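Structure first, commentary second.
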Amino acid sequence: MTMAKYKNTLQRGSVRILVFRDTNAWYAAALEFNIVETGDTPQEAMLLLFEAVQGYLESAKKIKARPHILNQLINPEYGEKWDSSIKAKRQPESVFFAGRMNVISGRALMPA
């Protein structure tokens, strides 16, 4: 029996972050964790997402969770939106940010 090799572990990895507007609300999503927050501004949605991700990682470390919870299947709609935003020379108007966040600290942002 072979063990699956996971991109994210409790020690290292990264999660794709997408902050976008849909109608009157802003959404911030951590794709591999399936965490989504909403806000009135992109900054508010992003801050709420960072707090949720930090709590998620702290809880995962506390219970010594297996890596599969850090490597979930992503929502296809968000994945496509993230991919197209990264490939575009200019961000679509509805996208505020598309990048990566380091899993180790839960706070360090790395543009994609």
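Quick note: the coordinates plus some simple rules give every number you see, no bench work behind them. What you see is a predicted model, and the numbers here were worked out from it, not measured in a lab.
A few points about this structure:
- For log10 I(q)/I(0) by the Debye sum over Cα atoms at q = 0.14, 0.23 Å⁻¹, the value computed from the atomic coordinates appears in the list (1) -0.65, -1.68; (2) -0.54, -1.31; (3) -0.49, -1.49 under label (2).
- Computed [θ] at 222 nm, deg cm²/dmol, the chain (DSSP H ≥ 4; -39,500 (n - 2.57); rounded to nearest 500): -10000 deg cm²/dmol
- Principal-axis tilt of helix 42-62 within the chain, Cα atoms, nearest 10 degrees: 0 degrees
- Members of K61/K87; K61/K89; K5/K64 lying beyond 26 Å, as alpha-carbon distances in this model show: K61/K87; K61/K89
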